[in-house]
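Values quoted throughout were computed directly from the atomic coordinates according to the rules given, and no laboratory measurement underlies them. Values in this document were obtained by computation on a predicted structure and should not be read as measured data. Backbone-built Cβ (ideal geometry, glycine too); neighbour counts: all protein chains shown.
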């Protein structure tokens with residue numbers, strides 16, 4: 001069994017916009033720091049855009065579960081980082097598996113306009129139902145969602161993140177990961 005840095009692995013999940021470049025840059029930095037990192041490509045994003053019309057959020061959860069199970073073979077604890085709807089997907093996985101912490105960035109728990117609104121609304125409804133099953137620490141950078149999560153997730157810490165710029169810097173992300181490792 002290969003042991004990763006501090007026995008903590010990190011799964012990074014892109015949002016429905018498919019902005020994998022941001023995920024790749026963060027993944028590379030964390031890998032250079034010695035972490036085991038998985039950044040699964042969600043089904044339909046490698047193919048042409050029409051293939052996304054045949055995909056369900058369950059397909060994406062399965063993609064992330066596969067990454068989780070692979071990571072679990074190498075690391076004792078897992079932190080999940082989800083961008084936008086990737087945060088919803090990380091909550092889904094954390095409701096089924098043991099996760100040390102979730103960092104959800106730009107997470108919206110309301111109906112927002114997405115190119116694939118049909119899938120997003122189904123994911124949103126399903127996620128709201130499983131919130132009471134989540135038993136890990138959640139860090140989020142959106143105030144409305146923090147209030148909703150505080151009332152519906154029975155976890156130890158639900159911390160709202162504040163950043164000076166609209167996007168979180170990789171250095172701030174790394175500091176947050178180290179904070180989650182420490183408790």
- Query: Ranked by Cβ crowding within 10 angstrom, fewest neighbours first, how are 117, 62, 100 ordered?
  - Reply: 117, 62, 100
- Message: Using Cβ contacts closer than 10 Å as the measure, can you line up 148, 68 from fewest to most?
- Response: 148, 68
